[in-house]
Amino acid sequence: MLHRFGFFELDEGARALRLRGTAQKLQPRVFDLLVYLVRNAGRVVPKDELMDALWPNLNVTEASLQRAVSLARAALSVGGLENAIRSYVRHGYRFAIDEVSVDAAVPGFGAQESNRAQALGFAKAKDWHGAAMVFERLDADGQLCAADIDVWALAVECQGRPAAAIPVLTRALAAYVAEGQPNLAARAAVTIAKLELERSAPAAASGWMGRAEALLGDMEDPRTTAYLLWMKARQVIFQGRAAEALELSLQSHSAAHACGDPGLIALTLVYMGFYNISLGRIEQGVSQQNHAAAIALSSNVDPVFGSLVYCNILWSCRTFPDWSRARQWSEGFDSWSEASYATIPGTCDLHRAEILGAQRDLIGALAAIDQALPKLSEEEAWSIGDGYRVRGDIRAMIGDLDGARKDYAAAYAAGWDAEPGNAVLLAEAGQVGVALAALDRVLEGASWYHIQRRGILLAHRMRIAAMGGLRDIAAGALAELETQSDRWTQPAVYALVNEAHYLLASDNEAIRFLVLARQLWTSAGIEYHAARVRLELARILMEAGDIAAARTEIAAAERIAVRIGSRRLQMMAAEMQPQLTSTPPSHLIAQG
């Protein structure tokens, strides 16, 4: 008989297991075990029955059976079906492929498994609340195997409660060990490490990674290996070792390709792009991230992997900053998150807030960040400081400067930094030296977060130095930007550079730099700064007596201010209105 399931063919006559046509090595007894289970797909085969079939007339222990099952799972894991052999403690094993997309060997559920089928059905429909409730009820009756507990943990995490998923995953890990599946136990340990890292508990994350490596040992399991290496790279990049993180990501991506899992392929590829961006290989990194997102969109990846892919891209866009690209991905990400999660994670709200703030809706951005902060404090504490920084920037653009200063202080108190927004407020208050010192402290940072933001921080350093007339400091910042001009190509960076040139230029040259800065902010889609520069341009035009041009700039800035919800810009424009009538036209100045 010839059995087909997933990408496998099990040929009884030839005694061969093939994956995409390539024969896989199997010990004779392991092959016999697989044949017996596949023939009885959908039925829990008692352990005694299996031992009698595989070792007739021999006295063997359950350890021999567990070893054969473990080897069979390892062979199936290469093709992504390590969950096909389910264990039932004190009962036996069942061959079951529960994915409806696989067109062979899909078992039916017996009457005793109707509740389990219901739970899995809820999970496939992304009804995470329903799935978690049924799994919890089944668990109380002792009806769950390790794979069921694993899906239960996913359902809990997708309800926006990643911390609550940790004890469930710990249960899954223990069950996998009891069922003789240490590679799957290792995978659960990596997920726990991921959640602990996001809770700002790096020591706990390292402990679980050590547990994962010990469980995996020398087993050949590309899927678990890819996942483990991906997580190791994340730990390394947090320490600022981008080159080492990239090397680990290359290894994890290779392992992901070996198992053919599109979710893992997308996940490892997007982080490879992230590390390349950190190292200054912008074009290559952006291309890899875009490709990863396309894979995730076109594949049925689970919500956690999918959100990691999108989250990584938007983090890069926000920190780099590449607002044009952020806009292109953010709308699709919002729709994807709403369709995939019961409750949107805090980091998703954080991304939405900063992108909205950079675009055209400060009030919506403030609502999004206010929604994000409680979630971040409870579930993703590592990014709570960045949440305060983003809210500070939004409040500053709205006009709540006292609120912005409080948020910047909270960001620093949380171990983050609040730059460049904090430095800008300091410089506007006349404290240029203090502002530059704050920027310099951040520029000394070596983490991925500092490396990716270096261009925008240097551009702000140049502009703030120019505000204080500190030409040497401004020239030093510009020199570094020009040395790596292929790395800092964002319109926002060059808008700030042109603002600095405007501040340092003679009267005859100044206006052309300001006009270029306005155009660059507009092309970047950052309306607040485009309007801010328009008002400064209007001031220069009024001083030159060009009232008609100044009036046009002020009117445009007012329209933007109303549309995005910036009281600060509206007040600045209102303060300039009287000057439009008190300043004589330019032709009268010339006659005088």
>> Taking only Cα atoms of the chain, what ratio of Rg to Rh do you get with Rh as the Kirkwood inverse-distance radius?
In response: 1.10
> Taking only Cα atoms, what is the 0 to 90° angle, nearest 10, from helix 547-564's long axis to the longest principal axis of the chain?
Replying inline: 30 degrees
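Note down the relative contact order for region 262-321 as a percent, whole number, built from C-alpha pairs under 8 angstrom at least six residues apart. Present the calculation step by step, with values, prior to reporting the outcome.
Values: 71 pairs, mean separation 25.2, N = 60.
Dividing the mean separation by the residue count of region 262-321 yields 42 percent.
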> How much accessible area per residue does the chain have, in Å², with a 1.4 Å probe?
Replying inline: 41 Å²
> Given labels modelled 7 Å from the Cα in the Cβ direction, how far is it in nm from residue 1 to residue 563?
Replying inline: 6.8 nm
> At a probe size of 1.4 Å, how large is the accessible area of residue 317, to the nearest 10 Å²?
Replying inline: 0 Å²
> By how many nm would the segment from residue 402 to residue 555 lengthen if fully extended, with 0.36 nm per residue of separation less the alpha-carbon distance?
Replying inline: 52.3 nm
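Give, rounded to the nearest 20 debye, the magnitude of the charge dipole that region 458-562 has about its Cα centre when Lys and Arg contribute +1 at Cβ and Asp and Glu contribute -1 at Cβ. Mind showing how you got there, number by number?
On the way: 11 positive and 13 negative charges, 46 e Å.
With only Lys, Arg, Asp and Glu charged at Cβ, the dipole is about 220 debye.
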> Given region 125-177 reduced to its alpha-carbon atoms as identical point scatterers, what log10 I(q)/I(0) does the Debye formula return at q = 0.23, 0.27, 0.29, 0.30 Å⁻¹?
Replying inline: -0.80, -1.06, -1.17, -1.22
>> Only four residue types carry charge here, +1 at the Cβ of Lys and Arg and -1 at the Cβ of Asp and Glu. Report the dipole size of the chain about the Cα centre in Debye, rounded to the nearest 20.
In response: 200 debye
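Once the piece of chain linking residue 291 and residue 363 is laid out straight, how much longer is it, given 0.36 nm per residue of separation minus the C-alpha distance between them? Before the final figure, lay out each step's value.
Values: separation 72, 0.36 × 72 = 25.92 nm, distance 3.30 nm.
Using 0.36 nm per residue and subtracting the Cα-Cα distance, I get 22.6 nm.
Starting from the Cα gyration tensor of region 6-101, take the square roots of the eigenvalues, sort them a ≥ b ≥ c, and report rounded, prolate or oblate (rounded when a/c is under 1.5, otherwise prolate if a/b is larger than b/c, else oblate).
On the way: a/c = 1.90, a/b = 1.33, b/c = 1.42.
Oblate, because a/c is 1.5 or more while a/b does not exceed b/c.
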> Short version: ³J(HN,Hα) in whole Hz for each residue of region 459-476, in order, from phi by Karplus 6.51 cos²θ - 1.76 cosθ + 1.60 (θ = phi - 60°), x for Gly and Pro, what are they?
Replying inline: 5, 5, 4, 4, 5, 5, 4, 5, 4, x, x, 8, 5, 5, 5, 4, 5, x
> Label points 7 Å out from Cα along the Cβ direction at residue 238 and residue 431: separation in nm?
Replying inline: 3.1 nm
>> Straight-line reach only, C-alpha to C-alpha below 15 angstrom: list the aspartates and glutamates that residue 47 could link to, leaving out same-chain residues fewer than 8 apart.
In response: 32, 62, 179
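Nearest 500 deg cm²/dmol is fine: what mean residue ellipticity at 222 nm does the chain get from its DSSP H runs of n ≥ 4 alone, each adding -39,500 (n - 2.57), divided by its residue count?
Values: 29 runs with 426 residues, N = 592.
Per the formula, -23500 deg cm²/dmol.
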> Where Lys and Arg each count +1 and Asp and Glu each count -1, what net charge lies around residue 281 among other residues with Cβ under 11 Å from its Cβ?
Replying inline: -1
> Could the peptides 427-434, 2-9, 534-541 be put in order, highest first, of the mean number of other beta-carbon atoms found within 10 Å of their residues?
Replying inline: 534-541, 2-9, 427-434
> Once the piece of chain linking residue 511 and residue 283 is laid out straight, how much longer is it, given 0.36 nm per residue of separation minus the C-alpha distance between them?
Replying inline: 78.8 nm
>> Bins of 5 Å, beginning at zero and ending with the bin holding the largest distance: percent of Cα pairs per bin for region 431-561, please.
In response: 2, 11, 18, 21, 20, 14, 8, 4, 1, 0
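Expressed as a whole percentage, what fraction of the accessible surface of region 110-207 belongs to carbon and sulfur atoms when a 1.4 Å probe is rolled over the protein heavy atoms? Kindly include the intermediate steps, with their values, before the conclusion.
On the way: 1990 of 3500 Å².
The computed percentage sits at 57.
The values are calculated or read from the model by the stated rules, or taken from the named source; none is laboratory data. Everything quoted here is computed from the prediction, not taken from an experiment. For neighbour counting, all protein chains shown are included, and Cβ atoms are generated from backbone atoms with ideal geometry for every residue, glycine included. In case anyone asks, the SASA skips ligands and DNA or RNA and just uses the protein heavy atoms, side chains included. Shrake-Rupley method; radii C 1.70, N 1.55, O 1.52, S 1.80 Å.
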